[in-house]
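J.: Sharing a structure here in structure tokens format.
The values are calculated or read from the model by the stated rules, or taken from the named source; none is laboratory data. As the structure is a prediction and not an experimental result, all values here were calculated from the model. FYI the Cβ positions are ideal-geometry reconstructions off the backbone, even for glycines, and counts take in every protein chain you see.
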């Protein structure tokens, strides 16, 4: 149980275009989802926390206009990288809280901007 | 605020040897502690977690960890590693109990476990 499905697994896009990454909780309702960014051989950096039906809370230094997060339902949260540039290339991972002490992670999305 | 320190960025070990991956944390409040494993180009998989109770926690794949409150540590151990254990390991903490958006995970920088023959 407590599976989060993240799509796509990898995506290549042209500079200036936008890319949407989806995370779906398959067998539970995720009231809170977290979005992370991970650079090669580094730890996970929390970008934002989204709660269903409300605006996301962004971490300091994260551009909210570039990384749009939507959590419109209890089973779906999306991250849209707008006007992507090569420096946005990274590995993005979503995570959801499924109990009072459980976190589950998506399989990640490798974004390459060319 | 919480912080996590994983002192070893890389740990090379021979197959069937024991291994310990170190994790120390800092927090002004009680915490829950987690160890996750990440294989290349994949998300994180929970190995084990400490919430309360027995300080020795057993997880999947033969891993265990011991919570030491006085030393603020949560080291991960395995008595005999396998080639398939080669991966990145992350220690993480969150305030306990979980409440609202403050209950986000804070990760360490990770330890690369490299198992060789």
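J.: When the residues of region A:18-29 are filtered to those that are touching a strand residue (DSSP E or B) at 6+ places or on another chain (Cβ under 6 Å) and surrounded by 16 or more Cβ atoms within 10 Å (Cβ to Cβ), which remaining residue is modelled with the lowest pLDDT?
T.: A:25
Per-residue answers, yes or no, for (1) in a strand (DSSP E or B); (2) over 16 Å from residue A:102 (Cβ atoms):
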{"position": "B:42", "(1), (2)": "no, yes"}
{"position": "B:47", "(1), (2)": "yes, no"}
{"position": "B:61", "(1), (2)": "no, yes"}
{"position": "B:67", "(1), (2)": "yes, yes"}
{"position": "B:84", "(1), (2)": "no, yes"}
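J.: Of the residues A:61, A:106, A:53, A:102, which is on the phi > 0 side of the Ramachandran plot and touching a residue at least 12 places away in the same chain (Cβ under 8 Å)?
T.: A:53
J.: Being within 13 Å of chain A (Cβ to nearest Cβ) and at positive phi is true for just one of B:61, B:41. Which residue is that?
T.: Going through B:61, B:41 in turn, the sole match is B:41.
J.: Filter region A:82-103 down to residues that are within 18 Å of residue B:96 (Cβ to Cβ) and outside any loop (DSSP other than H, G, I, E, B) and give me whichever is modelled with the highest pLDDT.
T.: A:95
J.: Looking only at region B:69-82, count how many residues are in contact with a helix residue (DSSP H, G or I) (Cβ under 9 Å, 6 or more places away or on another chain) and outside any strand (DSSP E or B).
T.: The total comes to 4.
J.: In addition: How many residues does region B:68-114 contain that are surrounded by fewer than 20 Cβ atoms within 10 Å (Cβ to Cβ) and more than 13 Å from chain A (Cβ to nearest Cβ)?
T.: Of the residues in that region, 15 qualify.
J.: Can I ask one more? The conditions are (1) touching a helix residue (DSSP H, G or I) at 6+ places or on another chain (Cβ under 7 Å); (2) surrounded by fewer than 17 Cβ atoms within 10 Å (Cβ to Cβ); (3) closer than 30 Å to residue B:11 by Cα, and residue A:15 fails exactly one of them. Which is it?
T.: Here residue A:15 clears every test but (3).
J.: Is it the case, given these coordinates, that residue A:3 is in contact (Cβ under 8 Å) with a residue 40 or more places away in the chain and crowded, with 17+ Cβ neighbours inside 10 Å?
T.: The answer is no for residue A:3.
J.: Still on this structure, please answer the following. Going through A:68, A:76 one at a time, which residue ends up being more than 14 Å from chain B (Cβ to nearest Cβ), within 30 Å of residue B:51 (Cβ to Cβ) and modelled with pLDDT of 90 or more?
T.: From the options A:68, A:76, the qualifying one is A:76.
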